[in-house]
1. Which one of Glu35, Glu20 is within 16 Å of Asn70 (Cα to Cα), of a type in the set (Asp, Glu), under 9 Å from the mean Cα position of the chain (by Cα) and surrounded by 12 or more Cβ atoms within 10 Å (Cβ to Cβ)?
2. If I go through segment 21-32 residue by residue, how many of them are within 19 Å of Gly53 (Cβ to Cβ) and of a type outside the set (A, V, I, L, M)?
3. If I go through segment 55-76 residue by residue, how many of them are out of contact with any Leu (no Cβ under 9 Å at 6 or more places or on another chain) and either free of Cβ contacts under 8 Å to residues at least 60 places away in the same chain or within 9 Å of Tyr9 (Cβ to Cβ) (or both)?
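No value in this document is a laboratory result; all are computed from the given coordinates. Predicted model, so just to flag it, every value in this text is computed and none were measured. Here the Cβ is made from the backbone with ideal geometry for all residues, glycine too, and neighbour counts use every protein chain on show.
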Amino acid sequence: MNKSKAIFYHAGCPVCVEAEQKVARALDPARFDLEIVHLGQDRGRVAEAEAKGVKSVPALILDNIPFHINFGAGIEALR
């Protein structure tokens, strides 16, 4: 079975950290190859996140579909 790619984008805010601990880390590692991207530290990937449909963080991309978990910060604040 091939693993699906999952990307969790966040900005390090309390909402993002909690979402990472509760949501992203709850994914089955046998099914998903999880990458955590801290956009506050890796601003070079903001355009990538936007291209994938991320409007705010924290956001989880599963099979190229963005899921906005809770509102921590708008993507425009990370540019």
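1. Glu20
2. 1
3. 12
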